[in-house]
Ligand code: NAD
Ligand code: IPM
Ligand code: MN
């Protein structure tokens, strides 16, 4: 029978707690549908870093490149300087494997109330298509105490190489910092195309571009123009534009206002947390980082240090990220079984039996078992 090699980085905080539940679900699904998952475990994260000083060795990255997919919990720990591990592990993976799509569906679930109720008969079914390799996330910049800052850029970024230098100084000297956001034609083209194709597959007649060209015209004006060129190739689609501030406002008033939301990297990060909240909780929001090489599946949420170790984490976002992973492998029946089991658990459980985030008292492990037992069929 078919065996897939799946790399797994449980990571920090609640990462290992929720990843364990996702693995359990995927193993049961694989068993039922006649394939197997050969898990390759990687310990990277805060504990490993604090013990060994190692963040993410090149050799591990190379090995992972040979896997069929990667399942990740969450990276980040209050004992470590913010960004050190997040950039060193999570963003390194997104950039190295050129995972240019960050796909983040926001859905209504049975018996999960939205904080903003929808009109009768409506449900939330929105998807954030977040550009995942450019914008302010490229790490290009620096800070200086002495009034003079210069940095050079030398980034080998598929499908282009980026080089350059920037020098800035203040008179009189004062501390300063700068970080450069970049957008390129191939970078926008491929994400815009993905968003348009997705809208067509969903049977929708529009894509909404989340922008801020009124304040940041060079960067987001370019993003708008490049997206418009791509969208023009889809006669059945209308390209709507919404400034990110207004978009957030509309979402809070009507969470179901949009279908496909095409977002530059930073706006997509923010809007996906907003939608997670609007869909009923951070622990319900799944995601995939998709590219032409290794793709990585992880919940939208982070390591939640405030609840780590308490059993209060909701594992459903991680499990639903596992569903996306199975779809990516082409194992659609198994993916349907995982999604169906989450739905059945939510429908059948008494209120006490739901995760804490959903008003119940079910510890993370038990919620995982409830889902796994429903996948077994
Ligand atoms: P967070 O998503 O970890 O937590 C935000 C809030 O949501 C917290 O109150 C938390 O308890 C709650 N929450 C998150 N996931 C939950 C779940 N599954 N069940 C129940 N409640 C849940 O965001 P943060 O506090 O900004 O970040 C904490 C750390 O995680 C930081 O180090 C940050 O850099 C990192 N982070 C990592 C990722 C990732 O690995 N993909 C994503 C976001 C944040
Ligand atoms: C996410 C996270 C990351 C991001 C952080 C941890 C770097 O918030 O996956 O949404 O900003 O992309
Ligand atoms: Mn985020």
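Here, each number is a calculation from the coordinates, and none is a lab measurement. Being a predicted model, the structure only gives us computed values, none of them experimental. Cβ sites come from the backbone with ideal geometry, for glycine too, and all protein chains shown count toward neighbours.
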Hydrodynamic calc, the range 210-307: Kirkwood Rh from Cα pairs, then Stokes-Einstein at 37 °C with viscosity 0.692 mPa s, so D in µm² s⁻¹ is 216
How high is the relative contact order of the chain, in percent, with contacts defined as C-alpha pairs under 8 Å that are six or more residues apart?
24
Rg to Rh, two decimals, where the range 257-321 supplies the alpha carbon set and Rh follows Kirkwood
1.00
Treating the angle as unsigned and between 0 and 90°, give the value, to the nearest 10°, between the Cα long axis of helix 332-348 and the longest Cα principal axis of the chain.
70
Binning at 20 Å from 0, report for the chain what percent of all alpha-carbon pair distances ends up in each bin.
27, 58, 14, 0
Sorted by average packing, counted as other Cβ atoms within 10 angstrom per residue and highest first, what order do 347-357, 165-175 take?
347-357, 165-175
Would you compute, for the Cα atoms of the range 30-168, the largest minus smallest coordinate along each principal axis and list the three values in descending order, in whole Å?
59, 41, 36
Run the simple label-point estimate for residue 333 and residue 155 please: 7 Å along Cα→C-beta, distance reported in nm.
4.4
Sorted largest first, the C-alpha extents of the range 269-363 along its principal axes in whole angstrom are 41, 30, 25
Can you give me the angle between helix 222-231 and the longest principal axis of the chain, using Cα atoms only, in degrees from 0 to 90, rounded to the nearest 10?
50
Length gained when the stretch residue 79-residue 348 is fully extended (0.36 nm per residue, less Cα-Cα span)
92.8 nm
Can you tell me the 0 to 90 degree angle between the C-alpha axis of helix 15-33 and the longest principal axis of the chain, rounded to 10?
60
Using a basic spin-label model with each label point 7 Å from the Cα along Cα→Cβ, how many nm lie between residue 174 and residue 202?
4.5
Which ordering of 270, 14 is given by a fewest-first count of other beta-carbon atoms within 10 Å?
270, 14
Peptides ranked, highest mean first, by Cβ atoms within 10 Å: ranges 182-193, 307-318
307-318, 182-193
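If you take the Cα Rg of the range 16-88 and divide it by 2.2 N^0.38 Å, with N the number of residues, what do you get?
1.28
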Sorted by packing (mean other beta-carbon atoms within 10 Å per residue), highest first, where do 203-214, 47-58 land?
203-214, 47-58
Net lengthening on full extension, residue 266/residue 68 (0.36 nm per residue, minus Cα-Cα):
68.5 nm
Would you compute, from DSSP H runs of 4+ residues alone, the mean residue ellipticity of the chain at 222 nm, taking -39500 (n - 2.57) per run and dividing by the full residue count, rounded to the nearest 500?
-11000 deg cm²/dmol
